[in-house]
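**Q** Okay, here's the structure, questions in a sec.
The values are calculated or read from the model by the stated rules, or taken from the named source; none is laboratory data. Everything numeric in this text was worked out from a predicted model, so none of it was measured. Note that each Cβ is placed from the backbone with ideal geometry, even for glycine, and that neighbours are counted across all protein chains shown.
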Amino acid sequence: MTITINKERLAATFTTLCEIDSLSRQEGRIAAWLKKTFADLDADEIYEDNSAAKTGSESGNLIIRFNGNQPKVEGLFFSCHMDTVGPAEGVKVVRTGDLFTSKGNTILGGDDKSGISAIIEVITLLKENNCDHPMIEIIITTCEEIGLLGSKHLEFDKLQTHYGYALDSSGINHVVVGAPAANKINIEVKGQAAHAGLCPEAGINALSIVAAALNSLKAGRLDEESTCNFGLIEGGIATNIIPDKIFIKGEVRSHSEEKLAVYTDEIKKAFQKAVDSWQPTTMTGEHRPGLTMTIVADYPALSIPPEAPVLQRLKKGADLVEKEIKQIVAGGGSDANIFCGKGLQTAIIATGMNKVHTVDEQLDLGDLTSLTELLFGIVRA
């Protein structure tokens, strides 16, 4: 199947998108631009949901629908997020040949504006060439970078398609078919303050209790399917005061929901044991350390079997445009995890973005063109 991508138009769209500031919760400008762009492409429906009241964003999620003219062919959706991490104020795109970077003081924004650019080019090609196609829904979420908030509050009952593709992975020519579930863990250990030089025996050192718990736990890679990390700790007042409160935040991830529960329980038991094992002194009196722990299920696991329609369609589309797409399992969570948790099988397609979340981020136009060809093939499959 031969198609011709307008590379310069695709490059211009990508550049324009990257230079629209869209930090998480500040997506108003880019949402307005997207609504106008899809309106100019004669979208059958452009719906902004009511998620902003829950996410704190300037915009709700967008659901754009092109009904197509193949009612007997099953429809599909493409998903991207419109927000970026920082630093991303005043992004200026630098193009050197076919390589896009920022000026070096901001990110570029390929995460996830590469995916949005490819979708816009695909719709434009369908319109220009009067191509037959089934229903296509485009879901563009807010606040993905700060906990998948947009997708967590998406109005799923507005969708008419049942499976699709999230365009949100580094690299090119691969599809993510597995990703872990995750629990967020917030812990507070309460001790008792005392002067560290005059009467340390009167204190209950919350930091020492936390250290004992962490020392009894394994961190990093727990097994081939699971990881654990505590990445944020705060507390204490001064070096000469026994710390009476320590807050620590972490996470557990696993491709196995059963293992996720087991490892989370081990953490709960380790901290409880550390608190219970504390030994009082004659000066601490009746005071005892306290423990408060909150476990939040952050997102469910993503696991798509090879025979799933979403992967079968991807294979047919790749064959149409003569591409070989590798299936991989990843270690991160994305909007696709939330969609899968709602019963919508969602495979994650790599968009060509590279070194994301850094000021060294870059994207090659050849990879972005390849992504666009693949999406066109999926639609036509």
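**Q** Being in contact with a Cys (Cβ under 9 Å, 6 or more places away or on another chain), touching a residue at least 24 places away in the same chain (Cβ under 8 Å) and assigned by TED's automatic domain parsing to the domain that holds Asp21 is the requirement here; does Ser151 meet it? Spell out how you get there, then give the answer.
**A** Details: in contact with a Cys (Cβ under 9 Å, 6 or more places away or on another chain): yes; touching a residue at least 24 places away in the same chain (Cβ under 8 Å): yes; assigned by TED's automatic domain parsing to the domain that holds Asp21: yes.
Here the answer is yes, as Ser151 does meet what is asked.
**Q** For the range 354-368, state whether one or more residues are under 27 Å from Glu128 (Cα atoms) and buried (at least 24 other Cβ atoms within 10 Å of the Cβ).
**A** There is at least one residue in the range 354-368 that is under 27 Å from Glu128 (Cα atoms) and buried (at least 24 other Cβ atoms within 10 Å of the Cβ).
**Q** Any chance you could count how many residues in the range 125-138 are in a helix (DSSP H, G or I) and buried (at least 19 other Cβ atoms within 10 Å of the Cβ)?
**A** Within the range 125-138, residues that are in a helix (DSSP H, G or I) and buried (at least 19 other Cβ atoms within 10 Å of the Cβ) number 2.
**Q** Follow-up question, since we're still on this one. So Gly178 clears everything in (1) surrounded by fewer than 20 Cβ atoms within 10 Å (Cβ to Cβ); (2) closer than 28 Å to Glu48 by Cβ except one condition, right? Which one?
**A** (2)
**Q** Only residues that are more than 23 Å from the chain's Cα centre (by Cα) and either under 17 Å from Ser370 (Cβ atoms) or not in a helix (DSSP H, G or I) (or both): list them for the range 106-123, please.
**A** Glu121, Val122
**Q** When you check Ile187 against the structure, is it of a type in the set (A, V, I, L, M, F, W, C), exposed (fewer than 15 other Cβ atoms within 10 Å of the Cβ) and over 25 Å from Leu302 (Cα atoms), yes or no? Spell out how you get there, then give the answer.
**A** Numbers: of a type in the set (A, V, I, L, M, F, W, C): yes; exposed (fewer than 15 other Cβ atoms within 10 Å of the Cβ): no; over 25 Å from Leu302 (Cα atoms): yes.
Criteria not met by Ile187.
**Q** Examine the range 62-84 for a residue that is buried (at least 19 other Cβ atoms within 10 Å of the Cβ), among the polar types (S, T, N, Q) and either outside the structural domain of Pro309 (by TED's automatic domain parsing) or not in a strand (DSSP E or B) (or both), and state whether such a residue exists.
**A** Start the filter on the range 62-84 by keeping residues that are buried (at least 19 other Cβ atoms within 10 Å of the Cβ), which leaves 62-66, 75-84.
Imposing the further condition that a residue be among the polar types (S, T, N, Q) reduces the set to 79, 84.
Applying the additional criterion that residues be either outside the structural domain of Pro309 (by TED's automatic domain parsing) or not in a strand (DSSP E or B) (or both) yields none.
No, there is no match, as no residue in the range 62-84 is buried (at least 19 other Cβ atoms within 10 Å of the Cβ), among the polar types (S, T, N, Q) and either outside the structural domain of Pro309 (by TED's automatic domain parsing) or not in a strand (DSSP E or B) (or both).
**Q** Residue under question is Val310, and the condition is that it be in contact with a strand residue (DSSP E or B) (Cβ under 6 Å, 6 or more places away or on another chain) and among the β-branched types (Val, Ile, Thr); does it hold?
**A** yes
**Q** If a residue has to be over 14 Å from the mean Cα position of the chain (by Cα) and under 27 Å from Gly147 (Cβ atoms) to count, how many in the range 179-203 make the cut?
**A** Total satisfying the criteria: 8.
**Q** Among the numbered criteria (1) modelled with pLDDT of 95 or more; (2) crowded, with 17+ Cβ neighbours inside 10 Å, which single criterion is violated by Ala202?
**A** The failed condition is (1).
**Q** Scanning for something within 30 Å of Ile328 (Cβ to Cβ) and without any contact (Cβ under 8 Å) to a residue 24 or more places away in the chain, does the range 266-275 turn up at least one residue?
**A** no
**Q** Output yes when any residue across the range 35-49 is in contact with a Gly (Cβ under 6 Å, 6 or more places away or on another chain) and within 15 Å of Val379 (Cβ to Cβ), and no when none is.
**A** Let us first name the residues in the range 35-49 that are in contact with a Gly (Cβ under 6 Å, 6 or more places away or on another chain), namely 48-49.
Still in the running and within 15 Å of Val379 (Cβ to Cβ): none.
No, every residue in the range 35-49 fails to be in contact with a Gly (Cβ under 6 Å, 6 or more places away or on another chain) and within 15 Å of Val379 (Cβ to Cβ).
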